[in-house]
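The values are calculated or read from the model by the stated rules, or taken from the named source; none is laboratory data. None of the values given here were measured: they were computed from a predicted structure. Cβ placement follows ideal geometry from the backbone for every residue including glycine, while neighbour counts extend to all protein chains displayed. Just the protein is used for accessible areas: all its heavy atoms, side chains included, with ligands, DNA and RNA removed. Shrake-Rupley method; radii C 1.70, N 1.55, O 1.52, S 1.80 Å.
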Amino acid sequence: MVTHVITAGLVVAALAALLHVYIFVMESLTWTSPRTRATFGISQEEAEATKELAFNQGFYNLFLAIVTGIGIVAVALGHCAVGAALVFAGIGSMAAAALVLLVSSPEKARAAITQGTLPVIGIVLLVIGLL
């Protein structure tokens, strides 16, 4: 059963990583597009003024996804300790960023919950599976 819980945790972590790749695309590649502006609730002027900041922030999200993905591959290849450490670093940072967003901008609670739910579920499942 423990193996199934770890697998479930890794699947959820992979979903969190994919979500963060999507966030990277929006923040770094399509920031000023109408669809992305609507998603983030910003005007064309705000998007243009924050384009460089969003570009940089998007790469943070991409790097968290990459670290998580490398960790998942490491676990799959039998390097459980290293892989788990990388997965926890990736999804732990995702969850922490969601908490910061929630605390600093309560009006963005929906975005924070969207960003943080999968990482938190992944953390819980991996902790249970690894105990």
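Only one of these is assigned to a helix (DSSP H, G or I) and more than 21 Å from Gly129 (Cβ to Cβ): Ala98, Ala81, Ala85, Ala74. Name it. Reasoning before the result, please.
On the way: Ala81 fails: more than 21 Å from Gly129 (Cβ to Cβ); Ala85 fails: more than 21 Å from Gly129 (Cβ to Cβ); Ala74 fails: more than 21 Å from Gly129 (Cβ to Cβ).
Exactly one residue qualifies, and that residue is Ala98.
Considering only residues of the stretch 117-129 that are open to solvent by less than 70 Å² (accessible area, probe 1.4 Å) and more than 18 Å from Val100 (Cα to Cα), which is farthest from the chain's Cα centre (by Cα)? Spell out how you get there, then give the answer.
Taking the stretch 117-129 first, the residues open to solvent by less than 70 Å² (accessible area, probe 1.4 Å) are 117-119, 122-123, 125-127, 129.
The next check asks that each one be more than 18 Å from Val100 (Cα to Cα); those that pass are 122, 125-127, 129.
Details: Gly122: 11, Leu125: 16, Leu126: 16, Val127: 18, Gly129: 21 Å.
Ranking the candidates gives Gly129 first.
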*Which residue, of Phe24, Phe88, Phe55, is aromatic (Phe, Trp, Tyr) and out of contact with any helix residue (DSSP H, G or I) (no Cβ under 6 Å at 6 or more places or on another chain)?*
Phe88
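In a helix (DSSP H, G or I) and either open to solvent by 60 Å² or more (accessible area, probe 1.4 Å) or at pLDDT 95 or above (or both): is that true of Ala109 in this structure?
Numbers: in a helix (DSSP H, G or I): yes; either open to solvent by 60 Å² or more (accessible area, probe 1.4 Å) or at pLDDT 95 or above (or both): no.
Criteria not met by Ala109.
Of all residues being without any contact (Cβ under 8 Å) to a residue 24 or more places away in the chain and part of a helix (DSSP H, G or I) in the stretch 8-39, which is least open to solvent (accessible area, probe 1.4 Å)? Just the residue, please. Walk me through it before giving the result.
First, the residues of the stretch 8-39 that are without any contact (Cβ under 8 Å) to a residue 24 or more places away in the chain: 11, 22, 30, 32-39.
Add one more test, that the residue is part of a helix (DSSP H, G or I), and what stays is 11, 22, 34-39.
On the way: Val11: 79, Tyr22: 104, Pro34: 93, Arg35: 176, Thr36: 6, Arg37: 45, Ala38: 79, Thr39: 86 Å².
Here the residue is Thr36.
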